[in-house]
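Here's the structure we're looking at; comments come further down.
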């Protein structure tokens with residue numbers, strides 16, 4: 001895809017030259033971007049054997065830090081991945097990296113933990129014997145402003161969200177091939193992101209974010225059985241409950257999504273992003289936005305301010 005064909009996604013950010021000179025945390029050391037490397041024997045590189053968290057820094061504080069750590073430590077425990085430090089240690093590493101980069105606001109962080117370097121290039125976890133690998137990448141990062149006006153274009157893709165016994169979508173794992181395939185399928189359909197169904201054909205998530213629709217003033221999202229346990233997703237549900245906006249976690253079909261009055265995606269990076277069309281069908285009359293979306297987005301901004309102010 002050429003530069004003039006580049007598509008904005010929910011992770012598209014405004015260009016910031018400061019990111020060329022960032023310091024990256026690698027196992028306790030801060031390294032320049034060009035020097036930040038892990039071994040080719042690392043289990044994350046070889047097998048995608050690891051967990052990660054995406055977080056944002058506002059006003060010098062990590063938004064919803066406790067919720068992110070709940071998810072991170074629970075996921076690591078479920079796959080017998082030793083973090084090597086407690087929550088206070090993770091927070092110290094995050095703050096140390098932010099301070100070294102002079103970062104206080106509009107910062108996105110990707111915290112990554114793998115099972116570590118293997119002694120031989122094979123699958124068994126027992127071959128990772130030197131302890132976990134932790135990497136923290138932080139960038140000055142603001143979502144591109146145009147997405148709030150034009151919205152995201154989705155295409156329904158063949159790749160589905162799998163059953164929990166195959167690979168539970170609630171893991172924020174390094175193994176993201178199914179989402180990468182969905183992203184490729186969306187790109188081939190000339191869309192920005194792929195809308196993924198669950199194993200039963202109900203609407204689930206996109207390849208990168210959780211998905212909501214608004215119908216006659218009601219907010220609908222998936223049951224949660226097959227989707228990412230998104231921190232922002234839960235915050236939106238909590239906002240609806242607090243504000244008296246009817247909200248339902250339920251099965252619903254593509255037909256019902258096509259007929260929505262509003263639709264939007266949720267994620268740590270973009271917060272809430274309107275969905276302008278699905279499979280070429282326009283959503284609502286204002287690029288996926290509407291009064292319910294605007295109300296939720298305003299409430300979420302206040303919630304972030306309260307949490308980090």
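The numbers here are math on the coordinates, done by the rules we state, and not lab data. Fair warning: this is a prediction, and the values are worked out from it, not measured in the lab. Glycine gets a Cβ as well: all are built from the backbone with ideal geometry, and neighbour counts include every protein chain shown.
For the reader, a short list of remarks on this structure follows.
- Inverse mean reciprocal Cα-Cα distance (Kirkwood Rh) of the stretch 17-140, Å: 14.9 Å
- Descending by average beta-carbon neighbour count within 10 Å, the peptides 42-50, 85-93 line up as 42-50, 85-93, the highest first.
- Principal-axis tilt of helix 291-308 within the chain, Cα atoms, nearest 10 degrees: 30 degrees
- Length-normalised contact order of the chain in % [C-alpha pairs under 8 Å, at least 6 apart]: 19 percent
- Rounded Å value of the spacing that divides the Cα centres of the stretch 13-89 and the stretch 164-236: 22 Å
- Highest average packing first - 274-281, 172-179, Cβ atoms within 10 Å: 274-281, 172-179
- Cα-Cα separations in the stretch 94-178 greater than 22 Å, expressed as whole percent: 58 percent
- Relative to the dominant Cα principal axis of the chain, helix 231-243 is inclined by about 40°.
- Gain in span if fully extended, residue 150 to residue 70, counting 0.36 nm per residue against the direct Cα distance: 25.4 nm
- Cα-based convex hull volume of the chain per residue, rounded to whole Å³: 137 Å³
- Relative contact order of the stretch 17-140, defined on C-alpha pairs under 8 angstrom at six or more residues apart (%): 36 percent
- Segment residue 59-residue 160, extension gain: residue separation times 0.36 nm, minus the distance between their alpha carbons: 32.6 nm
- Helix 87-100 and the longest principal axis of the C-alpha atoms of the chain enclose an angle of approximately 90°.
- Enclosed volume per residue, in Å³, of the convex hull spanned by Cα atoms of the stretch 179-270: 100 Å³
- Ranked list, fewest to most other Cβ atoms within 10 Å of each Cβ, for 124, 11, 105, 68: 124, 105, 11, 68
- Percent of alpha-carbon pairs separated by more than 29 Å within the stretch 147-308: 12 percent
- Per residue, the chain reaches -8500 deg cm²/dmol at 222 nm when only DSSP H runs of four or more residues are counted, each adding -39500 (n - 2.57).
- When both bridge partners sit in the stretch 120-225, DSSP labels roughly 75% of those beta bridges antiparallel.
- Percent antiparallel among DSSP beta bridges (both partners in the chain, rounded to 5): 85 percent
- Binned Cα-Cα distances of the stretch 35-92, short to long, each 10 Å bin given as a whole percent: 18, 45, 32, 5
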